[in-house]
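This is the structure, below, for whatever I ask next.
Nothing in this text is a laboratory measurement; each read-out follows from the coordinates by a stated rule. Please read these numbers as outputs of a predicted model, since none were measured by experiment. Methodologically, a virtual Cβ is constructed for each residue, glycine included, from the backbone with ideal geometry; neighbour enumeration extends over all protein chains shown.
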């Protein structure tokens, strides 16, 4: 879950870290060609953050369930 929470920052750095890399990415095939648009980046970032939150919540709930079964 933590990896998903950090991945939007990594993707932003990867895409915008170097101008030549940015041009190489946005000239690629779909979905890479859409990485230059703010709505696509926002949707992808929010989706990754949502996946991270869901996975963290699921892991906490599973951990509580396992503790209940062991008691």
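Taking only segment 1-33 into account, find how many residues are part of a helix (DSSP H, G or I) and more than 24 Å from residue 52 (Cα to Cα). Give the derivation first.
Narrowing segment 1-33 to residues part of a helix (DSSP H, G or I): 2-16, 19-26, 32-33.
Going one step further and asking which of them are more than 24 Å from residue 52 (Cα to Cα), we end up with 19-26, 33.
Total meeting the criteria: 9.
When segment 1-34 is examined, which residues are found to be surrounded by 13 or more Cβ atoms within 10 Å (Cβ to Cβ) and over 13 Å from the mean Cα position of the chain (by Cα)?
Result: 15, 16, 22, 25, 26, 32, 33, 34.
Looking at residue 51, is it surrounded by 12 or more Cβ atoms within 10 Å (Cβ to Cβ), free of Cβ contacts under 8 Å to residues at least 40 places away in the same chain and closer than 17 Å to residue 10 by Cα? Lay out the reasoning, then the answer.
Working: surrounded by 12 or more Cβ atoms within 10 Å (Cβ to Cβ): yes; free of Cβ contacts under 8 Å to residues at least 40 places away in the same chain: no; closer than 17 Å to residue 10 by Cα: yes.
No, not satisfied.
Pairs, please: C-beta under 7 Å, at least 6 apart or cross-chain, first residue closer than 30 Å to residue 58 by Cβ and in segment 1-30, second not in a helix (DSSP H, G or I)?
15/35
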